[in-house]
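The block underneath contains the structure these notes are about, expressed in structure tokens.
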Amino acid sequence: MIDLRSDTVTRPTAGMRRAMADAEVGDDVFGEDPTVRELEEETAALLGKEAALYVPSGHMSNQIAVYVATRSGEEVWAHRRSHVVANEQGGTSVLARVLPRTFDSATGVPDADLLEEWARGTDDVHRARPSLVCLENTFTGRVVPPEEQDRVAAFARGRGMGLHLDGARLWNAAVALGEAPARIAEAADTVSVCFSKGLGAPVGSALAGPAEAIDAARRARKLLGGGMRQAGIIAAGALYALRNHVDRLAEDHERARRLAERIAQTPPLAAEAHTNMVLVTTPAGRARDYADLLAREGVGCVPLGEDLLRLVVHLDVSDADIGTAADRIAKAAAAA
Ligand SMILES: Cc1ncc(COP(=O)(O)O)c(C=O)c1O
């Protein structure tokens, strides 16, 4: 099976396993795990933020970010397909008890007119108070230009709102643009990054931001039962990933581009690559059929809608796998 369902399916490399086995550890709930501290400090520095907090998952990181940036009953604006509102079990309404207001756009960013429209009349006593905008970068593999994030941040600040960035794949955006990770995170008050996706670590994400917000986030992590003890074992995998697996994301992007090029020559399928993701358009309503056919041929993928498939290139996918996957997809398409 060439598993292209997600970049979360990777297994730790030999070097990463060694780093984990050798990790110095302590009780992180007492703030005594040196490896966790090192990871948090290095992550904060890379993202240009005062502090960072290691958390078990990107889901928890996003939820904590919303929880510490809002008060119950306030409004949070996010794309209707963003992970924080669409794929976290409605957690923002359960935990922070806020009202998600969702926009749609191809780019993942709300347009200026919509922001102006939503900001009108917010002093009205009938309205919930908007307090946070959430963006995602990359958004379904698409790089959101930092200037677009700057525009939303300027708007948000002008109205006393905060900006949280779900940067689960921020590293891919930085590598694709040739920018420092800090530039991608610059517009955001808080930013969540994942070590367990393209970077290939087995566990964990970090929430970075102002020291005061991260102190509050540390308390919220404990509230959610996310305080970990000798977490240096897994933090060492994340640290290894951060130091060794960021630049190599360019290889995943190049392989995704080549895979999309091959699939695009396979009618009736159309394909485009965005960073490490290949989005394949199937004939109308047939995404699930094609996902099943591909699985039978030994290629794992995920249907994103009625006629869209997602294939994700990652650390465990070689050049040879790209050729084999393309051949198998062509065979499946011929049989469809
Ligand atoms: C954009 C985005 N944000 C957040 C998450 C959540 O990460 P985790 O699986 O670590 O909870 C994911 C997971 O795939 C994601 O794609």
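The values are calculated or read from the model by the stated rules, or taken from the named source; none is laboratory data. Since the structure is predicted, the reported quantities are computational estimates derived from the model, not experimental observations. FYI the Cβ positions are ideal-geometry reconstructions off the backbone, even for glycines, and counts take in every protein chain you see.
In the set Glu88, Glu24, only one residue is of a type in the set (D, E, K, R) and away from the ligand (no atom under 16 Å from the Cβ); that residue is Glu24.
Looking at the stretch 100-112, is at least one residue more than 30 Å from Leu311 (Cα to Cα), at pLDDT 95 or above and assigned to a loop (DSSP other than H, G, I, E, B)? Spell out the reasoning first.
At the first step, the residues of the stretch 100-112 found to be more than 30 Å from Leu311 (Cα to Cα) are 112.
Pick out the ones that are also at pLDDT 95 or above and you get 112.
With the extra rule that they be assigned to a loop (DSSP other than H, G, I, E, B), the set shrinks to none.
Scanning the stretch 100-112, I find no residue that is more than 30 Å from Leu311 (Cα to Cα), at pLDDT 95 or above and assigned to a loop (DSSP other than H, G, I, E, B), so the answer is no.
Pick from Arg221, Arg127: which is of a type in the set (D, E, K, R) and assigned to a helix (DSSP H, G or I)? It would help to see each step written out before you state the result.
Numbers: Arg127 fails: assigned to a helix (DSSP H, G or I).
When all the criteria are applied, what remains is Arg221.
Return the residue satisfying two criteria in turn: it lies in the stretch 34-66 and is acidic (Asp, Glu) and touching a helix residue (DSSP H, G or I) at 6+ places or on another chain (Cβ under 7 Å), and of such residues it is farthest from the ligand (Cβ to nearest atom). Lay out the reasoning, then the answer.
Pass one, the stretch 34-66, residues acidic (Asp, Glu): 38, 40-42, 50.
Okay, now just the ones that are also touching a helix residue (DSSP H, G or I) at 6+ places or on another chain (Cβ under 7 Å), so 38, 42, 50.
Working: Glu38: 21, Glu42: 19, Glu50: 22 Å.
The qualifying residue farthest from the ligand (Cβ to nearest atom) is Glu50.
All of Leu279, Leu199 fail the test of being buried (at least 24 other Cβ atoms within 10 Å of the Cβ) and either assigned by TED's automatic domain parsing to the domain that holds Asp307 or not in a helix (DSSP H, G or I) (or both), apart from Leu199.
Quickly run through the stretch 157-182 and pick out the residues that are more than 19 Å from Gly198 (Cα to Cα) and surrounded by fewer than 24 Cβ atoms within 10 Å (Cβ to Cβ).
The answer is Arg157, Gly158, Arg159, Gly160, Gly162, Leu163.
All told, Arg80 meets the bar of being within 15 Å of the ligand (Cβ to nearest atom) and farther than 26 Å from Ala235 by Cα. In this structure, Val246 does not satisfy being in contact (Cβ under 8 Å) with a residue 24 or more places away in the chain, in contact with a strand residue (DSSP E or B) (Cβ under 8 Å, 6 or more places away or on another chain) and not in a helix (DSSP H, G or I).
Matching residues to (1) modelled with pLDDT under 95; (2) over 21 Å from Gly141 (Cβ atoms); (3) part of a loop (DSSP other than H, G, I, E, B):
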| position | (1), (2), (3) |
| --- | --- |
| Leu163 | no, yes, no |
| Asn172 | no, no, no |
| Glu179 | no, no, yes |
| Val203 | no, yes, yes |
| Ala208 | no, yes, no |
| Glu212 | no, yes, no |
| Gln230 | no, yes, yes |
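The sole residue among Ala320, Ala271, Ala284 that is surrounded by 15 or more Cβ atoms within 10 Å (Cβ to Cβ) and at pLDDT 95 or above is Ala271.
Restricting Gly237, Gly225, Gly232 to residues that are of a type outside the set (A, V, I, L, M, F, W, C), under 26 Å from Gln63 (Cβ atoms) and without any contact (Cβ under 8 Å) to a residue 12 or more places away in the chain narrows the list to Gly225.
For the stretch 67-74, check the following and say yes or no: at least one residue is aromatic (Phe, Trp, Tyr), farther than 30 Å from Arg288 by Cβ, within 16 Å of the ligand (Cβ to nearest atom) and in a helix (DSSP H, G or I).
As a first pass, look at the stretch 67-74 and keep what is aromatic (Phe, Trp, Tyr): 67.
Still in the running and farther than 30 Å from Arg288 by Cβ: 67.
Imposing the further condition that a residue be within 16 Å of the ligand (Cβ to nearest atom) reduces the set to 67.
Restricting the remaining residues to those that are in a helix (DSSP H, G or I) gives 67.
There is at least one residue in the stretch 67-74 that is aromatic (Phe, Trp, Tyr), farther than 30 Å from Arg288 by Cβ, within 16 Å of the ligand (Cβ to nearest atom) and in a helix (DSSP H, G or I).
Residue pairs whose Cβ atoms lie under 8 Å apart, separated by 6 or more positions or on different chains, with the first residue in the stretch 58-80 and closer than 19 Å to Asn137 by Cβ and assigned by TED's automatic domain parsing to the domain that holds Ser196 and the second aromatic (Phe, Trp, Tyr) and within 12 Å of the ligand (Cβ to nearest atom), are His79/Phe139. Can you work out which of the residues in the stretch 1-48 that are without any contact (Cβ under 8 Å) to a residue 40 or more places away in the chain and part of a loop (DSSP other than H, G, I, E, B) is nearest to Ile233 (Cα to Cα)? Checking each candidate, the answer is Glu32. Of all residues in the stretch 234-254, exactly one satisfies the criterion of being of a type in the set (D, E, K, R) and either crowded, with 21+ Cβ neighbours inside 10 Å or in contact with a Ser or Thr (Cβ under 6 Å, 6 or more places away or on another chain) (or both), namely Asp252. Any residue at all in the stretch 112-131 that is away from the ligand (no atom under 16 Å from the Cβ), over 24 Å from Gly198 (Cβ atoms), in contact (Cβ under 8 Å) with a residue 60 or more places away in the chain and β-branched (Val, Ile, Thr)? No.
In the stretch 282-309, of all residues being of a type in the set (A, V, I, L, M, F, W, C) and in a loop (DSSP other than H, G, I, E, B), the one that is nearest to Leu259 (Cα to Cα) corresponds to Cys301. Restricting attention to the stretch 197-241, the residues that are away from the ligand (no atom under 15 Å from the Cβ), farther than 17 Å from Val36 by Cβ and of a type in the set (D, E, K, R) total 1.
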